[in-house]
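Notes for the one structure printed next.
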Amino acid sequence: MINDEYFLAALRLAAGNDPIPSHVSAAARDVYGLRVPRAVTATPAARAAAGPDVRDPDGCHLVRFVADGLTFDLEVTVGDGLIDVAGQVCPHPGEDAVIDVKTPHLTLTRHIARNGDFAATGLPPGWLSVVCHRPGRAPVQTRWVRIRP
Amino acid sequence: MPEPREPAELVTAAADGDRTAWDELETRYGPRMWAVARASGLSPSDAADAVQGSWLRLLQHLHTLRDPAKVGGWLMTTVRREAHAFLRKRHDVSPFDHDVLTLEAVDDPDPASAVLEADGRRLLWKQVSALHEPCRTLIQLVAIDLGNRQMAARLGMPVGSVGPTKARCLEKLRTLISSQETAQ
């Protein structure tokens, strides 16, 4: 049985209607520039008894990612159509480690406080990923997640 | 003109830093991914996000795809799942897309996506031409995304009949394709 989506997609392709817009193709090609060679991907993990996304008493949303002995806790708030990210990486990955908060259009590099905290503000909504660069070790990158305004 | 590279070769080359391989993957599969996202019912802007998200997923899986030769099917299944996650999030207050968060990468691409290959599309269109009216015209109008009201006017039928007729015609087409597949 062919899924309806594939079936209709095949008809649409055959009809030549609604071709892929050039900006969508260009964005797909630009994705390659976001490659982090040798990165280990951190996947969402449950926080205590809850799921990977938890709302805290202040209304912020928290999400946890784990890989290669590193845990990222990200707190996302949305205001005026822009995204603020406050995070903590645990255990502290070392003094020379830095965090990149990446979106398809913008990468902000942040130093990590002694307690593992970092923050980035005024990000555009859409796809987001956080990378921890550790000297002498493979970078750890969270899975890309989509943040809505 | 160099021979087009095999999908597995493109995946390996892209994983090793060859940008032209990535561009070739996009040229080959981008239009199909767009068609799947739009056929799943996403608006153009959500479809653009779903397609971009699927490429981001591939970027993180270039080294770990179980069968790089099936990267086309992997991308189609991924964009379809992203589209479903987008559609489900509409009543969700969290800024995170829960389904996107928990979505695992697909190990086994959906074999039904083969209908999107050039051969599959040719066969599909051939079967559409074999349908009787009004199904033949109706399916052609579905393919160009005409609304029910315009379809009713073109087909000379009441607007209320378009939906049920469309469902019957799609079912006939499905049956034709299934019998063709069984005969092969």
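What follows draws every value from the coordinates through simple rules; no lab data is involved. Predicted model, so just to flag it, every value in this text is computed and none were measured. Cβ placement follows ideal geometry from the backbone for every residue including glycine, while neighbour counts extend to all protein chains displayed.
Key figures for this structure:
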{"read-out": "Signed unit charges on C-beta, dipole axis of chain B, positive-most listed residue B:LEU155, B:LEU116, B:SER45", "value": "B:LEU155"}
{"read-out": "Degrees between helix B:159-183 axis and first principal axis of chain B (Cα, 0 to 90, nearest 10)", "value": "60"}
{"read-out": "Amide proton proximity set for A:ILE83, modelled H, under 5 Å, gap of 5+", "value": "A:GLY122, A:LEU123"}
{"read-out": "Nearest-20 debye value, the protein assembly as shown charge dipole, Cβ charges on Lys, Arg, Asp, Glu", "value": "900"}
{"read-out": "DSSP bridge pairs, chain A: antiparallel proportion in percent, nearest 5", "value": "95"}
{"read-out": "For the protein assembly as shown, share of DSSP beta bridges that run antiparallel, in % to the nearest 5", "value": "95"}
{"read-out": "Shielding by other protein chains, B:28-34, mean Cβ within 10 Å", "value": "5"}
{"read-out": "Spin-label pair B:GLU117/B:THR175, simplified geometry with 7 Å Cα→Cβ offset, distance in nm", "value": "2.7"}
{"read-out": "Neighbourhood net charge (14 Å Cβ-Cβ; Lys/Arg +1, Asp/Glu -1) for B:LEU131", "value": "+4"}
{"read-out": "Eligible lysines near A:LYS102 by straight Cα distance, threshold 30 Å, same-chain separation 8 or greater", "value": "B:LYS70, B:LYS89"}
{"read-out": "In degrees, nearest ten, helix A:4-15 long axis to first principal axis of chain A (Cα)", "value": "60"}
{"read-out": "Candidates per GluC sites (Glu not before Pro) in the range B:107-184, loop by DSSP, up to 15 other Cβ within 10 Å", "value": "B:GLU117"}
{"read-out": "Around A:THR121: net Lys/Arg minus Asp/Glu count, Cβ-Cβ under 14 Å", "value": "-3"}
{"read-out": "Between helix B:44-61 and chain B: long-axis angle, C-alpha atoms, 0 to 90°, nearest 10", "value": "30"}
{"read-out": "Cα centre as origin, Lys/Arg/Asp/Glu Cβ charges: chain B dipole, Debye", "value": "1120"}
